[in-house]
1. Scan around residue 44 for amide H atoms under 5 Å from its own, H built in the peptide plane at 1.01 Å from N, and keep only partners 5 or more places away or cross-chain.
2. Give the accessible area for residue 59 in Å² (nearest 10); use a 1.4 Å probe, count only protein heavy atoms, and leave out ligands, DNA and RNA.
3. As a test of reading the structure, rank 12, 48, 25 by solvent-accessible area (1.4 Å probe, protein chains only), most first.
4. Amide H to amide H under 5 Å from residue 15: which residues, 5+ apart in sequence or cross-chain, H placed 1.01 Å off N in plane?
5. Please give the contour-minus-distance gain from residue 35 to residue 51: 0.36 nm per residue of separation, less the Cα-Cα distance, rounded to one decimal in nm.
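The values are calculated or read from the model by the stated rules, or taken from the named source; none is laboratory data. This one's a predicted model, so the numbers in the text were calculated from it and none came from an experiment. With ligands, DNA and RNA removed, areas are computed over all heavy atoms of the protein, side chains included. Shrake-Rupley method; radii C 1.70, N 1.55, O 1.52, S 1.80 Å.
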Amino acid sequence: MLATHSPTEAEHNADMDVLARLCGHSPQQTGELLDRLVTTGTLGAWQHNRVTDEVLWQLPQSQA
């Protein structure tokens with residue numbers, strides 16, 4: 001699912017509610033999933049801006 005929101009730029013974003021719905025998870029579960037993707041090296045980093053509800057993520061340097 002993140003691949004569909006990951007063009008060639010180094011940093012990507014999506015609305016947390018939209019991302020959670022597309023993943024079939026709650027926002028909390030989606031956050032946990034993103035944490036696991038960082039732990040396994042699939043993502044370089046991610047953060048959730050709770051004010052705008054925007055999720056930003058970065059691919060690992062070797063894939064960017």
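1. Here 58, 59 satisfy the definition.
2. Residue 59 has an accessible surface of roughly 40 Å² with all protein chains in place.
3. On the way: 12 5, 48 50, 25 80 Å².
Ranked list, largest accessible area first: 25, 48, 12.
4. Those lying under 5 Å, H to H, from residue 15 are 55.
5. Value of the extension gain: 3.8 nm.
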